[in-house]
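Peer 1: Handing you this structure, nothing more for now.
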Amino acid sequence: MFNLLFNHSPLLYLTQSLWRDEAYSVLLSQHSLIEIIKLTARDFNPPLYYLILHFWMNLFGSSEIAIRLLSFIFHLLLVYVSYKFIKKVFKSSSSNFQLLTSSFVFLNPMLLYYGFEARMYSLLALLATASMYCFHTKKWRSYIFFSALGLYTQPFMVFVILSQIVYWLISKKSKDDARSFFVSLFFSFLLFTPWIPTLISQFRHSSSSWIWPINWTTVTSILGNLFIGYEGTPGNLWGPMSIVSLTIILLAFRLLRQNNSRFIRLLLCWLFLPIILVLTISIFKPIYVNRYLIFVSVAEVFLIITAIS
């Protein structure tokens, strides 16, 4: 049974040797808190994940299993938030349907893979989904908390917030709701203000990058890539990823025609706007990396579950 679990299931990711980026996370997190903040100022990613990992390693050590369990805990919390989200949206649905949603989130290839990687992507998926949940349920204090933490986790969190803004602008809201949202938005970015000069400096001084320019194959397969976690290996799956992408687009249009509810509109903004914005920017400066958009994978799962419902 032990051999089956750790060699023929996703648990095998726990025991693999750390790859380059994971080793970077560990080495950076071994420094003092002040040094971590200074060093991440030279990196693309803000310091929150490294700070959490610093305390985690002090408690549980720096073995591969211990380090990766932190990301897995974030993944389990994502499953819980997804359960709460769907329960709130589909109040009349059975508990079996909510458990089905949680299972889809837990087993999604993209989310599960990064749920075992010693990087910040599982934390990003969790905080982005929590921010969306609080946005949808108008829990504004919690929204400020999760949105600010998301910004301190990975810069692409800004695309989650931009999709919320666009959704709000195209929806008819009362003045009180609008005031609450934009005040919460203001405080979210106010908490992130100390890091904004660093982020601007990083973007201005970045020159050549390892990030590949986008092409038409990227555009036509991006939704499938984000759902499956495909990054080009093996090279014969671009066609199937395009089919998955087309299927998700057709499901989205069908849902919008049949049920133009508040949740459906928010879900479509969450799913498509970050992708459109990132691909548009990447025409001029390549920034697209599929794991940076991991929160879109959650929206894809929600879309498919909603279509099933």
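The values are calculated or read from the model by the stated rules, or taken from the named source; none is laboratory data. Just so it is clear, the model here is predicted, and its values are computed rather than measured. Cβ atoms come from the backbone with ideal geometry, glycine included; neighbour counts cover every protein chain shown. Remember, those area values only see protein heavy atoms, side chains included, never the ligands or the DNA or RNA. Shrake-Rupley method; radii C 1.70, N 1.55, O 1.52, S 1.80 Å.
Peer 1: Leaving out ligands and nucleic acids, and using a 1.4 Å probe, what accessible area per residue does the stretch 222-309 come to in Å²?
Peer 2: Result: 43 Å² of accessible area for each residue.
Peer 1: Determine the gain in length on full extension of the stretch residue 141-residue 30; use 0.36 nm per residue of separation and subtract their C-alpha separation, reporting nm with one decimal.
Peer 2: Values: separation 111, 0.36 × 111 = 39.96 nm, distance 3.23 nm.
Stretched out fully, the residue 141 to residue 30 stretch lengthens by 36.7 nm.
Peer 1: How much net charge surrounds residue 184 when only the other residues with a Cβ under 11 Å from the Cβ of residue 184 are counted, with Lys and Arg +1 and Asp and Glu -1?
Peer 2: +3
Peer 1: Helices from the chain with mean Kyte-Doolittle at least -1.0 and a Cα length along the axis of 27 Å or more, per DSSP H: which? Let's see the in-between values first.
Peer 2: Numbers: long enough: 64-89 (38 Å, 1.26); 238-258 (30 Å, 1.21); 262-284 (34 Å, 2.23).
Membrane-span-like by this criterion, though nothing is claimed about a membrane: 64-89, 238-258, 262-284.
Peer 1: How much area per residue is accessible in the stretch 92-221 when the probe is 1.4 Å and only protein heavy atoms are counted (Å²)?
Peer 2: Result: 49 Å² per residue.
Peer 1: Report the per residue volume, in Å³, of the convex hull enclosing the C-alpha atoms of the chain.
Peer 2: Values: hull volume 46.8 nm³, N = 309.
Hull volume over Cα atoms, normalised by residue count, gives 151 Å³.
Peer 1: If contacts are Cα pairs under 8 angstrom and at least 6 residues apart, what is the relative contact order of the chain in percent? Before the final figure, lay out each step's value.
Peer 2: Numbers: 350 pairs, mean separation 60.3, N = 309.
Averaging sequence separation for qualifying contacts and normalising by length gives 20 percent for the chain.
Peer 1: Under 27 Å from the Cα of residue 87, which lysines turn up, not counting those fewer than eight places away in the same chain?
Peer 2: 138, 139, 172, 173
Peer 1: Something else about it: Based on the Cβ-Cβ distance from residue 262 to residue 203, what FRET efficiency comes out when R0 is 25 Å, to the nearest 0.05? All intermediate terms of the calculation are to be shown ahead of the outcome.
Peer 2: Numbers: r = 34 Å, r/R0 = 1.37.
So the FRET efficiency works out to roughly 0.15.
Peer 1: Among 293-302, 258-267, 54-63, 152-161, how do they line up by average Cβ neighbours within 10 Å per residue, starting with the highest?
Peer 2: On the way: 293-302: 26.0, 258-267: 15.1, 54-63: 13.5, 152-161: 22.6.
Sorting 293-302, 258-267, 54-63, 152-161 by mean packing, highest first, produces 293-302, 152-161, 258-267, 54-63.
Peer 1: OK, next. Using a 1.4 Å probe over the heavy atoms of the protein chains, calculate the carbon and sulfur portion of the accessible area of the chain as a whole percent.
Peer 2: Working: 10230 of 15280 Å².
Looking at the chain in its full context, I get 67 percent from C and S.
Peer 1: Among the lysines, which fall within straight-line cross-link reach of residue 285, defined as a Cα-Cα distance under 27 Å, with same-chain neighbours fewer than 8 residues apart omitted?
Peer 2: Correct list for residue 285: 38.
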